[in-house]
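Remarks on the structure that follows.
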Amino acid sequence: MVFAQDQERKAGPSIAEWLKGLEKKLEQIVPSKSVPLSTVVVGARSANEDSQPKLYWKGKKVDEVVTEEEFAKFKAAIAAVEKGDSTGAIKDLAEFMKQYPDSALIPDAKKTFDLVKAAGK
């Protein structure tokens, strides 16, 4: 006798489970807002300084860089999934993958895209 729960485990994570794990990953790369502090030291930011958020996925040896624009577009696509807008989410994720084919977020975008498409069948 096979239980439904066992079948779900074999099929992979549900969209809700995937989004929960993905949200935890995305929280790690959002730059935290700094609290305003009074100080007498003034610093100047160099043009060579890297100001883009960096990703760290377990098992990766190199830091991946994600621009703010690409991160915002990915978050917008994920928000469409969370709202239940499958059509909009599929469109947004497809556009994201086309616009940023070398993004560090592509594996997550593809997985989310596949899960949303499978749920719509």
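The values are calculated or read from the model by the stated rules, or taken from the named source; none is laboratory data. From a predicted model like this one, the values you see are computed outputs, not experimental measurements. All Cβ positions, glycine included, derive from the backbone under ideal geometry; neighbour counts span all protein chains shown. SASA here: full protein model, heavy atoms, side chains in, ligands and nucleic acids out. Shrake-Rupley method; radii C 1.70, N 1.55, O 1.52, S 1.80 Å.
Restricting attention to segment 71-95, the residues being modelled with pLDDT under 95, acidic (D, E) and over 15 Å from L22 (Cβ atoms) number 1. With respect to the conditions (1) within 14 Å of L26 (Cβ to Cβ); (2) open to solvent by 30 Å² or more (accessible area, probe 1.4 Å); (3) at pLDDT 95 or above, K98 falls short on a single one, namely (1).
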